[in-house]
Every structure is written in C-alpha cells, then in structure tokens.
Amino acid sequence: MATDAQTICLEVATPTGWAVEKLEVTSVQAPSVFGEFGVLPGHLPLLVALKAGPLHYVADGETHHAAMGGMGYAQVERDPGGPDKVRILSEFFQRPEDVDVEAAQADLEAAVASLKAGSDEEADREALLRDEAWARARIQIAAHAEG
C-alpha cells in the first residue's frame, strides 16, 4: 500500500448505508454538475454538487468503476495527520457486477419517451433528466463487469 502522502481516503455514503468506507485510493474521478473532476493526493479543499454518472477510483493499482445517481455532493478535505479525504454523498450507487442492464435499458427508454412527450412542470422534467442520467451511468459502467 502507498504511504498516506500518496493516497486519499475515499468514502461513499448513500441513504441505505456505506457503499465505500475508508478505502485508500490513489485517485478519484466523479461527475459534477459542472463536468467531471479528478482528485489526486494534495488536492485543494472542494465542495461540489454531483450529477448522475460514473465514478472511477484507483485502489492498489487497479481501477474500479461504479455508477452514482440522483442528487449528491462531494467534499475534498486536506488532512495533515493522514491521507486527504474524498467524501461522497450520493442518492444511488451501483457497482458494475450489480447492474441489471435490461432494467437500466428499460429505465432509459422510459425516461427518454417521457421527455419526448414533454411536461409543463419543470420539476417533472428535472426528475426525468436525472432518471435518464442514472440509467445511462448504469449502462456505461456495466461494460466494466468481469464476465
């Protein structure tokens, strides 16, 4: 394992509990509402709103993938006494091996059809866009599942 100066402590929490708890990683990439961002050891402190999309992180030299969805936030915190921290709060989290691709594809098709049908309510449209993004994220990371 790398030393603290070379690692980041990654934590991902969802409403159902910890998805990732105190995992030492060397990098994290996540989707923010302003675009994808990356974190390496020594990153400046940051608080950012997340959007649905793929999460990538490197632990023990291996890249791991997951899908995050719904609303969420990420916080990057410097810790002079140990590894820097990336804390992610996400409404949904799924690993590639847990993705039901057929269900995700059906969710995507339903969201796209509903968006095409239109709605007078902006809140409805935003919810459908989140559903579409969550479905796309699951489909995208499913390709990383080991067969």
Quick test of your reading of the structure: LYS85 fulfils all but one of (1) crowded, with 19+ Cβ neighbours inside 10 Å; (2) charged (D, E, K, R); (3) more than 15 Å from the chain's Cα centre (by Cα). Name the failing condition by number. (1)
When segment 15-41 is examined, which residues are found to be without any contact (Cβ under 8 Å) to a residue 60 or more places away in the chain and part of a loop (DSSP other than H, G, I, E, B)? THR16, THR26, VAL33, PHE34, LEU40, PRO41
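Only one residue in LEU44, LEU55, LEU10, LEU50 is exposed (fewer than 13 other Cβ atoms within 10 Å of the Cβ) and touching a residue at least 12 places away in the same chain (Cβ under 8 Å). Which one? Steps first, please.
Details: LEU55 fails: exposed (fewer than 13 other Cβ atoms within 10 Å of the Cβ); LEU10 fails: exposed (fewer than 13 other Cβ atoms within 10 Å of the Cβ); LEU50 fails: exposed (fewer than 13 other Cβ atoms within 10 Å of the Cβ).
None of the others qualify; the one that does is LEU44.
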When both residues are 6+ apart or on different chains and their Cβ atoms are under 6 Å apart, which pairs have a first residue that lies in segment 124-137 and is over 14 Å from GLN94 (Cα atoms), and a second that is among the polar types (S, T, N, Q) and surrounded by 15 or more Cβ atoms within 10 Å (Cβ to Cβ)? LEU128/SER114
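Going by the conditions given, is GLU62 out of contact with any Leu (no Cβ under 6 Å at 6 or more places or on another chain), among the acidic types (Asp, Glu) and not assigned by TED's automatic domain parsing to the domain that holds ALA137? Reasoning before the result, please.
Values: out of contact with any Leu (no Cβ under 6 Å at 6 or more places or on another chain): yes; among the acidic types (Asp, Glu): yes; not assigned by TED's automatic domain parsing to the domain that holds ALA137: yes.
It is true that GLU62 is out of contact with any Leu (no Cβ under 6 Å at 6 or more places or on another chain), among the acidic types (Asp, Glu) and not assigned by TED's automatic domain parsing to the domain that holds ALA137.
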State which residue is modelled with the lowest pLDDT when the search covers only segment 69-94 and only residues that are closer than 18 Å to VAL25 by Cβ and acidic (Asp, Glu). ASP79
Here's a check for you: in segment 131-147, which residue that is of a type outside the set (A, V, I, L, M) and at pLDDT below 90 is farthest from GLY70 (Cα to Cα)? GLY147
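Just give me the residues in segment 94-114 being of a type outside the set (D, E, K, R) and either touching a strand residue (DSSP E or B) at 6+ places or on another chain (Cβ under 9 Å) or closer than 28 Å to VAL12 by Cβ (or both), in sequence order. Spell out how you get there, then give the answer.
From segment 94-114, those of a type outside the set (D, E, K, R) are 94, 96, 99, 101, 103-106, 108, 110-114; that's our starting set.
Passing the criteria: GLN94, PRO96, VAL99, VAL101, ALA103, ALA104, GLN105, ALA106, LEU108, ALA110, ALA111, VAL112.
The values are calculated or read from the model by the stated rules, or taken from the named source; none is laboratory data. What you see is a predicted model, and the numbers here were worked out from it, not measured in a lab. So basically every Cβ, Gly included, is an ideal-geometry build from the backbone, and we count neighbours across all protein chains shown.
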